[in-house]
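Visitor: Before we start, here is the structure in question, set down as structure tokens.
The values are calculated or read from the model by the stated rules, or taken from the named source; none is laboratory data. Computed from a predicted structure; not experimentally measured. Note: ideal-geometry Cβ built from the backbone for every residue, glycine included; neighbour counts use all protein chains shown. Calculation scope for accessible area: heavy atoms of the full protein, side chains included, ligands and nucleic acids excluded. Shrake-Rupley method; radii C 1.70, N 1.55, O 1.52, S 1.80 Å.
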Amino acid sequence: MKKIVSILSIIAIISLLIFSTSVNAASLDAINIAPTKTKVKPGENVTLNVEFGEELGAYTVNVSYDNNIFEYVSAEGGTANDTGTKVIVTFHDTTGGTNPRSNMSVTFKAKDDITTSNPTELTTTLEGLSNPDASITYDDITTPIVKNITVEPEYVNYSLNLQKSGEIVKGQEIPMVVSYSSPMGHYYEHARLIAEATTPTDAEVRLLATDQAGLEHDIIDNGWGDAQGFKIGGKDVSQVLQAKGIFSDVGDYKITLKLIDRDNSDSVIAEETFSFTALETATPPTTENGGETKPEESAKPQEPTEEENKKQPTTMPKTGTNIYVSASVVLMALAGAYVYYNKKK
């Protein structure tokens, strides 16, 4: 009989403990965690706000971050400890439940030197949760709550340019410069430069550039660079190609340069169209009054004008005394003195 009473007592105690635990433990179901922005530029701050959905008298919030992308700035709603990869914020209401909190936050700064697009995560766990008077404790949230953020610069669209040097004469090579640039270009692993042309009927145009291996490429027919594309992007992107154009006939031409993304079905990154006119022959040089200058005339020395003749002296000015004139004067004086002396004798 005593053994049965003892067993029943133990069962009763265990039941009370189980009942007590179920009464005093609860889930924090209304919690909400959200960053103030999901896309951040280098040097900008982002704040992770944590709304508990209940007033709490105690909690510990752990926020993990990538220290290659972010640096810790500050926390609000508790005592913070930054380990370098995790910020631990602890709060305990020392007033006995009269000063609870329903939210807290942690602020990070995206590092200034980032030049690429960086998808990253802020992950949050919570523990030591209780209501203001500690009569209810909440289950720890040990499965990380993940918030995705992308840190990337403010990219500037790529600009394309095609310039000629001098007049275009049909059938003749003309120096041209092909270029693309951006002060902060979006990154592409496999970009490519191509060109398309619109020509007069039965005419064609070639846009030739030579690579580092000495191979000549017609950008209009074959594009530029490796067929699989090349990597571009970052700060102060600039590519300049010394090229030459050959326009087969007289007329108006259009050449469209395109940067395309090979990884995205050759979608166009940037596009620009340039217009050119090819002539039959080069325009001859003209004189000041608008007449044509013949080659033999341009090479002939020009006669001075009447106005220039007036400005020119007719004789060269003397710059000193002639020594022969001085000697003659001396000799004549000596001869006169000699004649005078002989007459007196």
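Visitor: Going through Ala195, Ala203 one at a time, which residue ends up being within 28 Å of the chain's Cα centre (by Cα) and of a type outside the set (Val, Ile, Thr)? Lay out the reasoning, then the answer.
Guide: Values: Ala203 fails: within 28 Å of the chain's Cα centre (by Cα).
None of the other options fit; the residue is Ala195.
Visitor: Something else: Of all residues in the range 212-224, count the ones that are on the phi < 0 side of the Ramachandran plot and part of a loop (DSSP other than H, G, I, E, B).
Guide: Looking only at that region, the number is 3.
Visitor: Taking the range 39-55 as the region of interest, how many residues are touching a Pro at 6+ places or on another chain (Cβ under 8 Å), closer than 28 Å to Gly234 by Cα and either not aliphatic (A, V, I, L, M) or not in a strand (DSSP E or B) (or both)?
Guide: 3
Visitor: Take the residues in the range 199-209 that are in contact (Cβ under 8 Å) with a residue 40 or more places away in the chain and either closer than 16 Å to Phe230 by Cα or part of a strand (DSSP E or B) (or both); name whichever of them is most open to solvent (accessible area, probe 1.4 Å).
Guide: Arg206
Visitor: Can you confirm whether Tyr72 is surrounded by 14 or more Cβ atoms within 10 Å (Cβ to Cβ) and under 20 Å from Ser27 (Cα atoms)?
Guide: No; evaluated as a whole, the condition is false for this residue.
Visitor: Something else: Quick one: count up the residues across the range 225-273 that are part of a strand (DSSP E or B), of a type in the set (A, V, I, L, M, F, W, C) and free of Cβ contacts under 8 Å to residues at least 40 places away in the same chain.
Guide: Step one: list which residues in the range 225-273 are part of a strand (DSSP E or B), which gives 230-247, 251-261, 267-273.
After this cut, where a residue has to be of a type in the set (A, V, I, L, M, F, W, C) as well, the list is 230, 232, 237, 240-241, 243, 246-247, 255, 257, 259-260, 268-270.
Applying the additional criterion that residues be free of Cβ contacts under 8 Å to residues at least 40 places away in the same chain yields 268.
The number of residues fulfilling the criteria is 1.
Visitor: Follow-up question, since we're still on this one. Among the residues of the range 138-176, what is the count of those that are of a type outside the set (Lys, Arg) and either in contact with a helix residue (DSSP H, G or I) (Cβ under 8 Å, 6 or more places away or on another chain) or open to solvent by 80 Å² or more (accessible area, probe 1.4 Å) (or both)?
Guide: Qualifying residue count for the region: 10.
Visitor: Checking Ser117 against (1) under 30 Å from Glu51 (Cβ atoms); (2) out of contact with any Phe, Trp or Tyr (no Cβ under 8 Å at 6 or more places or on another chain): exactly one of these is not met. Which one?
Guide: All conditions are met except number (2).
Visitor: Still on this structure, please answer the following. Of all residues in the range 49-69, which are closer than 16 Å to Pro119 by Cα and either of a type in the set (A, V, I, L, M, F, W, C) or surrounded by 19 or more Cβ atoms within 10 Å (Cβ to Cβ) (or both)?
Guide: Tyr65, Ile69
Visitor: Could you check how many residues of the range 216-270 are within 15 Å of Ser159 (Cβ to Cβ) and polar (S, T, N, Q)?
Guide: The number of residues fulfilling the criteria is 3.
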